[in-house]
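The values are calculated or read from the model by the stated rules, or taken from the named source; none is laboratory data. Fair warning: this is a prediction, and the values are worked out from it, not measured in the lab. Reconstructed Cβ throughout: ideal geometry from the backbone, glycine too, with neighbour counts over all protein chains shown. Side chains included, ligands, DNA and RNA excluded: accessible areas come from the protein's heavy atoms. Shrake-Rupley method; radii C 1.70, N 1.55, O 1.52, S 1.80 Å.
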Amino acid sequence: MSKEKSVVMGIVWSLVDVKLLLTTILILCSIATLLQLLPSTSSFLSCLSSQPPQPLNFTSPIPPQETLTSSSGVLKRSFNPIGSAAYLFIQMGAYRGGANSFAVVGLGSKPLHVFSKPTFTCVWTPTKDSTINSSKTTVGSKILPDWGYGRVYTVVVVNCSFPEDINVDGSGGQLTIHTTTGAQDDDKVESFVALEESPGSFNVTELTAAPPKYDILYCGSSLYGNLSPQRVREWMAYHVRLFGPRAHFVFHDAGGVHPAVLDVLRPWMELGLITLQDIREQEKFDGYYHNQFLVVNDCLHRYRHAAKWMFFFDIDEFLYVEPKSTLRSLLDSLSGYTQFTIEQMPMSSELCLSSDSGKTSRMWGFEKLVYRDVKKGVRRDRKYAIQPRNVLATGVHMSQDVIGRTLHKLDGRIKYFHYHGTIAQRREPCRKFVNVTELVVESTPYVFDDTLRSIVGSVKRYEFKAIGSRLGRTRQ
């Protein structure tokens with residue numbers, strides 16, 4: 001009997017505990033709901049305060065004013081300028097052009113340069129220890145080398161040529177640029193130090209008389225997007241072999257050198273063959289095509305005394321020299337020209353041989369893409385090479401600011417094969433397999449062309465000899 005009584009009492013107390021728990025939960029939920037309906041703590045406290053809330057403190061221009069001239073009855077209106085639409089000048093670099101000249105490379109407001117006449121004044125100020133105490137001043141001449149393609153900003157190359165040599169005693173100094181908008185009734189001058197030379201850093205003989213460090217320097221345009229590591233790998237191996245040991249490659253990363261691409265470039269960087277520059281900040285300034293024109297002009301002036309020849313083309317384009325000559329012998333034969341342009345061979349980015357079906361994943365891009373576009377009457381872009389010491393500014397497809405002769409017709413001695421779009425594809429490029437030597441696809445005629453395919457074995461062996469098998473597992 002006592003046991004049954006204990007069981008009953010246990011059940012009763014358990015029910016009491018459950019009831020207490022449910023009541024507690026109900027009270028807490030009610031309080032939470034009530035708090036959501038009440039004003040915030042800070043608002044509640046402010047209501048208790050005897051002081052009224054303080055107004056927001058900010059400055060704003062007064063509305064435009066209107067003044068009625070009593071003598072003439074004319075209503076004079078005013079205008080309030082607010083903010084800035086574009087910067088007057090954005091400097092990327094400044095470099096020695098020669099013993100008496102400098103080049104300052106940057107961006108300027110395109111509307112300003114189209115519809116106004118901005119001015120640049122160059123001032124060289126020697127250090128206190130210099131034997132030449134007085135400053136030198138000259139008018140800066142500007143070049144706009146982007147052929148009108150600029151957007152909010154256009155590329156500006158300011159040339160500062162002084163009537164006499166600068167810093168000849170090697171004591172150092174500063175190059176300062178004073179610039180104005182050139183607009184009517186706007187005499188405001190903006191000034192900035194473009195270049196500083198520390199004592200002993202400049203030697204005019206080394207700059208102008210010493211032979212260039214490189215025979216060939218490649219100036220790459222802005223690299224952007226989701227680039228294919230495998231296509232970059234192929235391009236590097238091919239052109240390191242073509243250019244030879246006295247060459248150097250300058251790449252500009254505008255967001256395209258992701259970790260997998262950097263892995264492909266790393267072995268060549270370790271050999272001292274590549275300089276990689278991070279220029280992603282330029283995206284803040286709206287210029288043409290990730291500021292291509294800005295990048296190539298900076299490269300020109302930064303390395304103009306370091307290379308005998310500079311080449312400008314993209315990493316989906318492969319140079320080719322006829323087997324009866326070498327690139328070096330070709331360049332020697334063209335030494336009398338400041339610039340020559342290179343003919344394009346447009347290749348299909350999706351047509352492949354039927355006999356390669358099933359094995360294309362193990363083949364290189366220029367090994368399996370073997371059909372060339374031969375449509376007539378189409379204007380093809382050309383690429384180019386220059387002797388940089390005779391060039392004042394440059395473009396993407398050629399320079400219009402050269403001192404000396406330009407050659408456009410080379411009778412096929414050098415050309416470039418263009419695999420348009422393949423560099424930005426992270427998939428297998430072969431989309432259609434055919435087994436004919438000629439065909440027409442969507443009104444475009446193609447012919448079989450295995451020019452580069454025939455040398456792919458030599459390129460692969462060269463890569464293995466140069467850097468081993470480090471890149472053997474590179475993905476598309």
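Taking the helices alone, the chain has a mean residue ellipticity at 222 nm of -7500 deg cm²/dmol, built from -39,500 (n - 2.57) per DSSP H run of at least 4 residues and averaged over all its residues. If the segment from ASP129 to ARG246 were pulled out straight at 0.36 nm per residue, it would be longer than the present Cα-Cα gap by 38.2 nm.
Note on LYS432: aspartates and glutamates with a C-alpha under 18 Å away, same-chain residues under 8 apart excluded, are GLU350, ASP356, GLU367, ASP373, GLU442, ASP449, ASP450. The three principal axes of the Cα atoms in the chain give end-to-end lengths of 117, 88, 56 Å, sorted in falling order. Taking a straight line from the alpha carbon of LYS324, these lysines sit under 16 Å away, with near neighbours fewer than eight places off in the same chain left out: LYS415.
Counting lysine pairs in region 91-219 whose alpha carbons fall under 16 angstrom apart, excluding pairs fewer than 8 residues apart on the same chain, gives 4.
With only Cα atoms counted, region 279-428 has Rg and Dmax values of 17.6, 53 Å. The distance separating the Cα centre of region 74-88 from that of region 167-237 comes to 35 Å. When region 418-476 is described by a simple charge dipole with +1 on each Lys and Arg Cβ and -1 on each Asp and Glu Cβ, the residue from VAL459, VAL436, VAL447 located farthest towards its positive end is VAL459.
Give the peptides 345-354, 209-218, 276-285, 154-163 in descending order of average Cβ contacts within 10 Å, highest first.
Numbers: 345-354: 19.8, 209-218: 16.5, 276-285: 14.9, 154-163: 22.0.
Highest mean packing first, the order is 154-163, 345-354, 209-218, 276-285.
Working note: Cα gyration tensor of region 132-185, eigenvalues times five, square-rooted, sorted largest first, giving semi-axes of 29, 14, 9 Å.
Counting only heavy atoms of the protein chains, get the accessible area per residue of the chain (1.4 Å probe) and round it to a whole Å² value.
Heavy-atom accessible area per residue stands at 56 Å².
The aspartates and glutamates whose alpha-carbon is closer than 16 Å to the alpha-carbon of LYS409, local same-chain residues fewer than 8 away aside, are GLU322, GLU343, ASP381.
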